[in-house]
1. Hey, what number do you get for the protein assembly as shown at 222 nm if only DSSP H runs of n ≥ 4 count, each worth -39500 (n - 2.57), divided across all residues, to the nearest 500?
2. Remind me, what semi-axes does region A:197-305 give for its equivalent ellipsoid, largest first in whole Å, using sqrt of 5 times each Cα gyration tensor eigenvalue?
3. So for A:270, B:300, fewest C-beta neighbours within 10 Å to most, what's the order?
4. Using only the alpha carbons, work out the radius of gyration and Dmax of region A:48-183 in angstrom.
5. Run the numbers on chain A and let me know its relative contact order in percent, using alpha-carbon pairs under 8 Å that are six or more apart.
6. If you average 1/r over all unlike Cα pairs in region B:99-203 and invert the result, what Kirkwood radius do you get in angstrom?
7. Quick one: length gained pulling residue B:161 to residue B:283 fully straight, 0.36 nm per residue minus the C-alpha distance?
8. What per residue convex hull volume, in Å³, comes out for region B:175-224 when only alpha-carbon positions are used?
Amino acid sequence: MIDMSLSHVGASLVEERKSSIQIKGQPNPALKCESSSIAGCVSQRACVYCGARVVLNPITDAVHLVHGPIGCASYTWDIRGSLSSGEELYRLSFSTDLKERDIIFGGEKKLAKAIDDLVEKYRPPLVLVYSTCIVGIIGDDLEAVCRAAAGRHGIEVLPVQSSGFAGSKSDGYKAACDVLLRLIQPRQERQPAAGAMLNYLGDFNLAGEAWIISDYLRRMGIKLNVVFTGDSSCQALKKAAGASLNIIQCAGSMGYLGRAMQERDGIPYMNVSFLGLEDTAASLRRIAQFFNDAGITKNCEDLIAEETKRVEAEIWGYRQDLAGKKAAIYVGGGFKAISLIKQFREIGIDVVMIGTQTGRREEYDTINRLVDDGTVVLDDANPTELEKFMLQQGADLLVGGVKERPLAYKLGLAFIDHNHDRKHPLSGFAGAVNFAREVHDTVCSPVWQYL
Amino acid sequence: MVNKENDNFRSVTENPCPMCMPLGAILPFKGIENAMVIIHGSQGCATYMRRHIAEHYNEPIDVASSSISERGAVYGGEDNLKKGLDNLIQLYNPDIIGILTTCLAETIGEDIERISHDYLEERGLGEYPLIPVPTPGYGLSHSEGYFLALKKIISRLARPTSGHQKINIITPNLSPADLREIKRIFTLMGAQYTLFPDISDTLDSPYTKAYHKIPEGGTRLSDIAAMPGAPATIQFAHTLEDNLSPGHYLEAACGVPLFNLPVPIGLEACDSLLEVLHQITGNPIAGSLLRERGRLLDAMIDSHKYNAQGRSVIFGEPELVYAVTRTCLENGIKPLVVATGSRNKNLFALLTGKSGNQLIDTRFLSEADFTSIRMHAKAKGANLAIGSSEGRFLTEREDIPLVRIGFPIHDRVGGQRLLSVGYTGTTMLLDRITNALLEDQQRHYRLNMYLNYFSGEQETR
C-alpha cells in the first residue's frame with residue numbers, strides 16, 4: 001500500500017490522485033495516466049498551446065504569431081534553447097495582444113491586419129497562427145482568416161488549433177503534427193526511392209543536438225533530409241515526404257506524425273533514442289540495419305567504436321564517484337523518462353522515483369519493466385508528492401524542469417536540468433559525457449557538505 | 001514639446017514587454033503569511049506563471065489551478081473551482097486564498113464573487129478569507145494586476161481599528177532585498193510599520209533543514225486587518241491611478257493619511273522618504289542614514305564624468321521606470337527612451353512635470369513592445385539599457401549593455417537579491433550602471449580611438 005499521509009503536516013495526499021501513484025513490485029491496477037489534471041492539486045503540466053508551441057517554435061523562418069492576450073506570447077518568447085544555422089525569425093514572439101474590445105467584437109480583423117503587417121515586414125514563407133483559450137471561446141474563424149491571408153500573400157499561413165483548455169500538452173503536440181502534415185507535400189506516386197535518406201523526428205536542436213546526430217548520420221553515409229523541427233525551414237519541411245525512413249526520438253510529440261506519414265506517404269518509421277551511450281549505439285545500429293548496406297554498417301561500427309573510445313574513460317571516472325546514488329526523475333514525456341533510467345544505470349545510479357507530466361500508457365509499461373522493485377512511479381505529480389516521495393525514497397538528485405529545480409534545491413538535493421532552456425547538449429556520445437559530467441558536478445559539489 | 005507615442009494603434013505586438021494581469025496578482029498573495037493562490041482557468045496559465053516567477057526568485061512557486069477543461073469551458077467552471085479549493089486546502093492548509101480569474105474564466109462569464117460566497121457557505125467556512133480578484137489577461141498588465149490584488153485584499157480584510165503606531169508601507173513589486181532595506185530604514189528611523197506585501201522572506205527564503213511548502217514570513221493577516229488604525233500610509237506608487245491605489249482606498253474609506261511617494265531610488269526620492277518619516281514620527285534623521293547619504297553623494301561625485309557619457313534606455317513597470325529615470329537625471333545620464341509595457345496616464349506627465357527641460361529629446365513609449373524599444377534605442381544611439389532581462393535583445397542585437405533591475409531576471413542569478421533602494425541601494429545601483437558604461441568604454445576604447453584618429457601608414461591591423 002502506498003502511504004498517502006503527509007506526516008509532518010498532519011494532512012494527506014488527495015485521494016483522487018492515488019490511482020496515479022504506484023510502487024513497482026506491488027500488485028497494482030493499471031496506472032491512471034493520459035487523463036485531465038485534478039483541480040487544486042498544483043499540477044506541473046502546461047496547456048495545449050504550450051505543447052503546440054514547443055513542437056513548432058524551432059521552425060526558424062516562420063512567423064510564430066499568437067492570436068490571444070499578451071501573456072501567452074510573453075511567457076514563450078525565446079525561452080528555449082533551440083538553435084538555428086540560418087534564420088532567426090523564430091526567436092521573436094508575435095502577439096495580436098487581444099483586449100477587451102476584441103473579446104466583444106471578435107479578433108478576426110485584427111488578426112488579418114497583423115498577418116499582413118508581419119508579411120510585409122519580414123517576408124516569411126510561413127506564418128503559424130496559434131489559437132489560445134479565448135479564441136476558442138469567442139469563435140474567431142482562424143481557418144478562414146489564414147486561408148484568405150495565404151491567398152493574398154501567396155505563402156503558407158496555417159492555423160494551429162491550440163486553445164489552451166481543449167485538452168493537455170499532448171493534444172498540443174497533436175495539433176502541431178496536424179499543421180506539419182498540412183505543410184508536408186504528399187509523396188507523389190511512383191516517386192523514386194530516395195536511397196539512404198531519412199527524416200529525424202522529435203529533436204528540437206537544443207544546444208545543437210540535432211547537429212550532433214546529423215554529423216553521425218553523415219559519417220555513416222546517410223543523408224538527413226530534415227529534422228522535425230530543430231533548425232528546420234519551411235521549404236525543407238515541405239519536402240519531408242522524399243525520405244525513405246522516419247526516425248523518431250521524442251515519440252510523445254512526434255509518434256503521431258510518424259504514423260500519419262507512414263499511412264499517407266508510405267514512409268516507415270523507427271523509434272530511436274540518442275540519450276546515453278547504450279541507446280545511441282543501439283539506435284545507430286538499427287538505422288544501419290534498416291538500410292542493409294555493408295558500407296553503412298561498417299561506418300556505423302567505426303563511428304560507435306571511435307566515439308565510445310573518446311568518452312568512455314571520462315564517463316567511467318564519474319561512475320566511480322556516483323555508483324550507488326539514487327535518482328528521482330520528473331520530466332515532461334515518457335520517452336525522456338525511459339532513456340534516463342538507462343542513462344543513470346550507465347553511471348551506476350538507481351532510479352527510485354519516476355514520473356512524467358504526459359507519459360502514455362505504453363511508456364509507463366516500459367518504465368515499469370525497467371525500474372527496480374520499490375520504485376515509485378507517478379503521473380502528473382505535484383510538488384507535495386514530489387517532496388514526499390523524493391524524501392521517502394532517499395533520492396540524492398532530481399532530474400526535471402525549471403519549476404522543479406528550486407524544490408530540489410530547497411530540499412538539499414542535487415538537480416539535473418533536462419529542460420528546453422538548457423545550454424548544453426545531452427544527445428549522442430557527446431551528450432552522454434555531458435550528462436555524466438553534469439550529474440557529477442551537482443551530486444559531488446562541495447556545497448552539500450555545509451547543509 | 002514632449003515627444004509622446006502611444007503604440008496602441010498597432011495590430012501586432014513584437015516581443016512583449018508586459019506580462020499578464022493574473023501574474024501580477026499572484027505576487028501580493030506570496031507576501032502574506034501562510035497564503036495560497038488558485039488561478040481559475042486553464043491548467044497552463046498557472047504553470048506558465050509559476051515557471052516565470054520561479055525562474056526569477058529561484059524559489060518553488062506553488063500556485064493551484066482550477067484546471068478548466070473543454071467541459072468546464074462549455075458548462076462553467078464552478079465545480080472545478082470548488083473542488084480545486086477543497087484539494088488546495090487539504091494539501092496546503094492556508095489561512096487565506098486568493099482566487100484569480102483568467103481570460104478563459106472571464107470570457108465564459110464566471111462569477112467568482114458568487115462562487116466563493118457559495119463555497120464558504122456550503123463548506124461552513126464562515127468568514128474564511130477567500131479573496132476573489134478579477135484579472136482577465138486581456139484586461140490590464142501585470143503591474144495593475146498587482147495593485148488590484150493588494151486593494152482587494154485590504155478592502156476585504158481591513159477592520160475598524162483604534163489608532164496604533166504602525167505605519168502602513170505599500171510597495172510595488174520590489175526585490176526581497178529592497179524590502180529588507182526599506183524595513184531597515186524604518187527601524188533606523190524608529191518607525192513601526194506594517195509592510196504589505198512582504199515577500200522579503202517568502203520569495204527569498206533561507207535554506208533550512210525543514211522545508212516549508214508555504215515559505216515562512218509574509219505580512220500577518222492581523223496586521224493587514226489593522227491597517228485602518230495606522231498613523232499614515234506610505235505608498236511607493238507615485239504614478240498609480242486612484243482607482244487601483246490601496247493607499248487611496250485606506251485614505252478615502254478609513255481616513256488614513258496617504259503619502260504617495262516615488263520608489264526610494266535616487267537621492268531626492270530617498271530624501272523625500274526620510275522627510276516624511278521625520279514628519280510622521282517626529283524622530284530626527286538617523287546619523288547612520290546621514291552617513292549613507294554622504295557616501296551616495298561621494299559616489300555620485302566620483303562617477304559623474306563617466307555617467308555623463310550615459311545615453312540610456314529605461315523600461316519596465318511604471319514605478320521603477322519613474323525612479324530609475326529620475327536617478328539617471330540626478331547623475332547626468334540622458335534618458336533617450338523611456339518605455340513601459342503598461343498603460344499609465346501619469347508616468348510621463350509626472351516625469352515631464354518634474355524634469356521637463358531635461359527630457360526634451362526623450363522618446364516616451366507607452367504600452368511598448370521590445371521591437372519598438374529596440375528601434376528607438378538604435379535610432380537615438382543609446383549606450384546603456386536599464387530594465388529586466390527581457391531587454392536582452394538590446395545587448396544581443398544592438399550591443400547595448402543591459403543593467404538588470406526589476407522583474408523578471410531569468411538569465412542571471414540573484415534578481416531577488418538585487419538591492420537598489422535607499423541611499424545604500426542607490427549607491428549600489430549607480431555603481432552597476434557606471435560600471436556597465438566603463439566596461440563598454442574599455443571594450444571599445446582602443447579600436448575606437450584607432451579608427452577615429454589614426455591616419456598613419458596601416459601596419460598589421
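1. Result for the protein assembly as shown, helices only: -14000 deg cm²/dmol.
2. 21, 15, 13
3. By the 10 Å Cβ count, ascending, the order reads A:270, B:300.
4. Cα only, region A:48-183: 13.6, 43 Å (Rg, Dmax).
5. Computed over chain A, the figure is 18 percent.
6. Result for region B:99-203 stands at 16.2 Å.
7. 41.5 nm
8. 88 Å³
Since every read-out is calculated from the coordinates, none of them should be taken as a lab result. Computed from a prediction, not measured in an experiment: that's the story for all the values here. Virtual Cβ from ideal backbone geometry, glycine too; neighbours counted across all protein chains shown.
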